[in-house]
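What follows is a set of notes on a single structure, which appears directly below.
The values are calculated or read from the model by the stated rules, or taken from the named source; none is laboratory data. Being a predicted model, the structure only gives us computed values, none of them experimental. With ideal geometry, Cβ positions are generated from the backbone for all residues, glycine too; neighbour counts draw on all protein chains shown.
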Amino acid sequence: MSPFVGMPNEASQTALAPVIGVLVSGRGSNLDALFRAVDRGELRARIGLVISSRADVPALGIAQARGVPVRVIAPKSYSSRAGAGAAIVEALRAAGVELVVLAGYKPILDACVVQAYPYRIVNVHPSLLPAFAGGMAPRPQADALAAGVKLSGCTVHFVTEQVDEGPIIAQAAVPVLDDDTVETLSDRILAEEHRLLPLAVALVLSGRTRIEGRRVFIAPECEPAATGR
Ligand code: GRF
């Protein structure tokens, strides 16, 4: 008899990993960063479904190349935002999704999605929130340049019903250089998004995040053992 009977192999470990659903609208570079973090073993999860708000976007090709099921749920095909929201919730639940990641997802999510996944939806935004909230890329980057700030960056936050106002999980700052254009600043921020988003998703899945009001506290990886003294 094999000495390994009863021990989980790699495939069954993947099957047991928490399932993530990723919502996208375009290029998909953050989706790709999530896949790569899973590949490296830094994000112990399985991307089980990718939903796009638009057909024919590169993000769908990235998911399909990975053999991950995709759905196109275009808000404009529904008579209301709530209708599209209900379709999203149904698809996420059918795929067994536990945590939802908005990775360059453009439409405003209907409240029914937020209510179905309370504090189980995270978003990446290309500014240091609460600065330059509300706009879609590249507006936050353009607004940062126009405002003359010397630092910008990205934020990963929990999604609540108030757009870009949910509790902040992690932020990364980048300098704004004198010769920056919207494109060069966006590229510098994007590199940080690719690093920060998988890290924040892994943190949330680890159960080490605790939310108090608008603040997120992160417990250390290992609590030191009490000495009794
Ligand atoms: C990113 O800058 C993200 O922060 C913003 O939209 C952009 C999407 O890029 N919400 P990608 O589709 O992940 O490449």
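A few comments on the model shown:
- Taken together, the residues in segment 28-64 that are acidic (D, E), more than 13 Å from the ligand (Cβ to nearest atom) and either within 25 Å of S206 (Cβ to Cβ) or not assigned by TED's automatic domain parsing to the domain that holds K76 (or both) amount to 2.
- Where G135 falls short, out of the listed (1) in contact (Cβ under 8 Å) with a residue 24 or more places away in the chain; (2) touching a helix residue (DSSP H, G or I) at 6+ places or on another chain (Cβ under 9 Å); (3) of a type outside the set (A, V, I, L, M): (1)
- Residue check, R36 among the basic types (K, R) and closer than 16 Å to A103 by Cα: yes
- Members of segment 114-127 that are crowded, with 16+ Cβ neighbours inside 10 Å and farther than 21 Å from T155 by Cα: A116
- Those strands (runs of 3 or more DSSP E) of segment 21-118 in which 1 or more residues are touching a Pro at 6+ places or on another chain (Cβ under 7 Å) and modelled with pLDDT of 95 or more occupy 46-52, 99-102.
- Near pairs, Cβ below 7 angstrom, 6+ apart or cross-chain, from segment 20-39 (within 21 Å of I88 (Cα to Cα) and in contact (Cβ under 8 Å) with a residue 24 or more places away in the chain) to any residue that is of a type in the set (S, T, Y) and more than 6 Å from the ligand (Cβ to nearest atom): L23/Y105; V24/S52; V24/Y105; S25/S52; S25/S53; S25/Y105
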